[in-house]
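Novice: Pasting a structure here, questions to come.
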Amino acid sequence: DGGTRLALRGDLLDFTHQPEWGAIESDAVRFREDHWLLIEDGRIVGAQPGSLAPDASWTRHDHRGRLILPGFIDTHVHSPQLDVIASHGTELLDWLNTYTFPAEKRYANLVEAETGAARFADALLAHGTTSAVVFPTVHKVSADALFAAARERGMRLITGKVLMDRHSPDGLRDEAPDFGARDCVDLIDRWHGVDRLAYAVTVRFAPTSSPGQLAMAGQLCTSMPGLYMQTHLAENRAEVKWVHELFPDARSYLDVYERAGLLNARAVFAHGIWLDDDDRALLRDSRAQIAHSPSSNLFLGSGLFNWRAADEANVRVSIATDVGGGTSLSLQRTIADAYKVQALQGERLTAWRGLHAATLGAAAGLSLNEEIGSLSEGCTADVCVWDWTQGSVAQRRHELARNLHERVFAWLTLSDERNLVTAYVRGIARYER
Ligand code: GUN
Ligand code: ZN
């Protein structure tokens, strides 16, 4: 039955492990120019040179001269914030109060939640993102709708209702006495481990959770195997100062989460800009990951993430759009911003480290590297086909590239979602240009 066998021809690029910081030549890079990628029943089963065409039992799509990558993994993004992307003029705390909180209130409504979740999931796919770790809103219905939208599309998605019970407006708070625990347990029962979905205990950030809610979240994390945890950490200087005032006994911002039992190998901390060596050591030892969000950090004026220091401390770092703090769902654009953030600090991010952080690196940080993040045999066929170039400027630069790194770096720097041809999820085309 040929219906379950799919062969895609193009230039295959992925990673076998983490490329070394700064290395242009790396044995972690696996580039198979002009190859067929073989997909059976939604799984990658192999690859072979373009000259060896698979037989007629395979549905063949010839994308010769195009780039084939694992689907991107966006490790930190807010679904309701598509409504406030590109809002002018403020830093984090003011931005939350002026734009974000009012917009998130809308998602208490079932129809808004469902249409918003569908719009968001389709937008991810249209940017070549096939997996994501997502913040919906405090409303149970918004998490429900997001899980349902991802399930319909077969996507690997990690989310959970946002926990917040103070310092936020009416209509956007969990109520005492249970701090939102009941909603979490209901959602975990309904969605965690169903198809490709997993639940993340989702603490918005320390200032919007009471100590009681933080403790509840910590207990939830250990209540069931495989639960993730996501929150924000040390993004903005005024925010960090506020956390010190709210939690005077804590050694650092990260320490607030650690004491609550929220620091573990399945934790994803967005930003982590304002950290010290002790924090980095804690992150390394716990095997938690930082979701570096350079577009957001530049747009909100939050600061410059020191990726080199994180690398030297062996802290796991993935890359994330943080829309609507970030201004694009495109991981290429986000990696290009990461390059510029490092350049401002005298470092040069390689194309390899940037791309790895959006694919295999993110997958490994989520303990999902046997399922997503690469084109290895046995992985689920979440795969995107990209044009190497759009337009004469990129075409010229592409032709003049002297080696593979130059070619891929130019692609990362000059391309975006307009280069996307097809996004496959589990071997099914879910976006086609
Ligand atoms: N910190 C707490 N909430 C948010 C949010 O929605 N976006 C960003 N960038 N930081 C936050
Ligand atoms: Zn965020």
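Novice: I need the helices of the chain that pass two filters: whole DSSP H segments spanning 20 Å or more by Cα along the axis, and mean Kyte-Doolittle score no lower than 0.0.
Specialist: 110-126
Novice: Within the set of other residues whose C-beta is less than 10 Å from the C-beta of Leu300, count the net charge using Lys and Arg as +1 and Asp and Glu as -1.
Specialist: Spelling it out: positives minus negatives among the neighbours equals -4.
Novice: So, one more: Could you work out Rg/(2.2 N^0.38 Å) for the range 72-329, with Rg from alpha carbons only? Intermediate values should be presented prior to the final figure.
Specialist: On the way: Rg = 16.6 Å, N = 258, 2.2 N^0.38 = 18.1 Å.
My calculation over the Cα atoms of the range 72-329 gives 0.91.
Novice: Please list, in chain and number order, the residues 5+ apart from Val203 or on another chain whose amide H is under 5 Å from its amide H, with Hs placed from the backbone.
Specialist: Amide H to amide H, under 5 Å and 5 or more residues apart or across chains, Val203 pairs with Leu163, Gln230.
Novice: Return the calculated 222 nm mean residue ellipticity for the chain, to the nearest 500 deg cm²/dmol, obtained by summing -39500 (n - 2.57) across DSSP H runs with n ≥ 4 and dividing by the residue count.
Specialist: Calculated mean residue ellipticity at 222 nm is -9500 deg cm²/dmol.
Novice: Starting with the fewest neighbours, write out Ser168, Ser293 ranked by other beta-carbon atoms found within 10 Å of each beta-carbon.
Specialist: In order of increasing Cβ crowding within 10 Å: Ser168, Ser293.
Novice: Counting other C-beta atoms within 10 Å, which of Ile290, Ile319 has the fewest, and how do the rest follow?
Specialist: Listed from fewest to most nearby Cβ atoms, that is Ile290, Ile319.
Novice: Using Cβ counts within 10 Å as a stand-in for footprinting exposure, how do Ile158, Ile273, Ile73 rank, fewest first?
Specialist: Lowest count first: Ile273, Ile158, Ile73.
Novice: While we're here: In the chain, what percentage of the DSSP-assigned beta bridges are antiparallel, given to the nearest 5?
Specialist: 45 percent
Novice: Calculate the radius of gyration of the Cα atoms of the chain to one decimal place, then report Dmax, the largest Cα-Cα distance, as a whole number, both in Å.
Specialist: Answer for the chain, Rg first and Dmax second: 21.0, 68 Å.
Read-outs throughout are calculated quantities, based only on the coordinates presented, and are distinct from any laboratory measurement. Here the structure is a predicted model, which means the values were calculated and not measured. With ideal geometry, Cβ positions are generated from the backbone for all residues, glycine too; neighbour counts draw on all protein chains shown.
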